[in-house]
Amino acid sequence: MDRGDEVERPIRVVVFTSGPLLERGVQQFLDRLEAHPQIALLACLAQSKLRSRRAVYASLWRRRGFLAAPILLAQWASAAWRFIRSPRREMNLRRRLGALADGIHFVADIHAQPALELVAALQPDLGLIYGSPILKPALFEIPASGTLGIHHGKVPEYRGKKTMFWALYNGEQTAGVTIQKVNAGMDTGQIVKEGEVPARHRFPGAVWEELDALGLDLYIQAILEVRAGTAIFRPQVGRKGRLYRDPSAGDILVLWRRILTRGVIEWFKTLKQRMTE
């Protein structure tokens, strides 16, 4: 097959993720991939030892402790609000994801030999990470063009976990998202696409909604550029930041105290201005 034939056919992709249930971002990503005429979604592999709501709660408790309850409440409230705001869109998304069920494989170990053999048998052009555990070369090097990953943070300054939160915590003007080619390091791969949204003095939910939408758009663009052979892979430059971790309850309280204090100050300023007019 010559290069012209390669460009004409859809790029064959496989997605790597984790969790007993697919998170919202993964669902949207799979839906975008499946709907695109130039992308052929072969399969999605999700690492999870158990598959049930109970497993979700147990995993969240193990990772976040007493923060599990408010996190779950926020997730339920967000899901309920999305459905109230746009029930038809949510039902259509569920229907389309249901049609993909046969191609979604939940595996106890994404690096086990059966998983590796499954991916190799699919002969993907490109691997795509969205919320997966740290992948080893034995898996991310199987696709012919390697594997891309999305990281909701600027690199190399913000590596590790929950980097959007830490950008807000540190008072950054913007929060970033990066599409990078995966290597054996932690968020050290070559940059394919990057972008940012305003962050300073904004609520985390609003920042995340914009950043998530931007990240999905950039991811699709990166995939299509790899397909066309026009992708530019740039090395990371600048100061390498520390490897961030999940925020503690104290970290979250500090951020919200700052946000609310700022809101009260702005309210008093507005009230004072109105009284003097």
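The values are calculated or read from the model by the stated rules, or taken from the named source; none is laboratory data. All of these numbers come straight from a predicted model, not from anything done at the bench. A quick note on method: Cβ atoms are made from the backbone with ideal geometry, for glycine too, and the neighbour counts reach across all protein chains shown.
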(message) If I ask for residues that are exposed (fewer than 15 other Cβ atoms within 10 Å of the Cβ), part of a helix (DSSP H, G or I) and not acidic (Asp, Glu), which ones from region 195-220 would you list?
(response) GLY205, ALA206, ALA213
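Matching residues to (1) among the acidic types (Asp, Glu); (2) surrounded by fewer than 17 Cβ atoms within 10 Å (Cβ to Cβ); (3) closer than 27 Å to PRO10 by Cα:
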residue: ARG96; (1), (2), (3): no, yes, yes
residue: HIS111; (1), (2), (3): no, yes, yes
residue: ALA121; (1), (2), (3): no, yes, yes
residue: GLY131; (1), (2), (3): no, no, yes
residue: ALA138; (1), (2), (3): no, yes, yes
residue: ALA144; (1), (2), (3): no, yes, yes
residue: PHE165; (1), (2), (3): no, no, no
(request) Check whether at least one residue in region 242-251 is assigned to a helix (DSSP H, G or I), without any contact (Cβ under 8 Å) to a residue 60 or more places away in the chain and more than 15 Å from GLN180 (Cβ to Cβ), and report yes or no. (result) yes
(message) Take the conditions surrounded by 20 or more Cβ atoms within 10 Å (Cβ to Cβ), modelled with pLDDT of 95 or more and over 12 Å from the mean Cα position of the chain (by Cα) and apply them to VAL192. Does it pass?
(response) yes
(request) Please state which of the following conditions THR230 fails to meet, knowing it meets all the rest: (1) farther than 30 Å from GLU266 by Cβ; (2) in contact with a strand residue (DSSP E or B) (Cβ under 8 Å, 6 or more places away or on another chain). (result) (2)
(message) So the check is Cβ under 8 Å with 6+ separation or different chains; which pairs have a first residue in region 198-212 that's closer than 24 Å to ILE265 by Cα and in the same structural domain as THR261 (by TED's automatic domain parsing) and a second one that's of a type in the set (Lys, Arg) and at pLDDT 90 or above?
(response) none
(message) Among the residues in region 56-76, are any under 21 Å from LEU33 (Cβ atoms) and not aromatic (Phe, Trp, Tyr)?
(response) no
(request) Just give me the residues in region 231-277 being under 30 Å from SER145 (Cβ atoms) and surrounded by 11 or more Cβ atoms within 10 Å (Cβ to Cβ), in sequence order. (result) ALA231, PHE233, ARG234, GLN236, LYS240, GLY241, LEU243, TYR244
(message) Please verify whether VAL192 is assigned by TED's automatic domain parsing to the domain that holds GLN28, free of Cβ contacts under 8 Å to residues at least 24 places away in the same chain and either outside any loop (DSSP other than H, G, I, E, B) or over 30 Å from LEU30 (Cβ atoms) (or both), treating the condition exactly as stated.
(response) no
(message) Looking at region 177-185, can you tell me whether even one residue there is in a loop (DSSP other than H, G, I, E, B), loosely packed, with under 15 Cβ neighbours inside 10 Å and at pLDDT below 95?
(response) yes
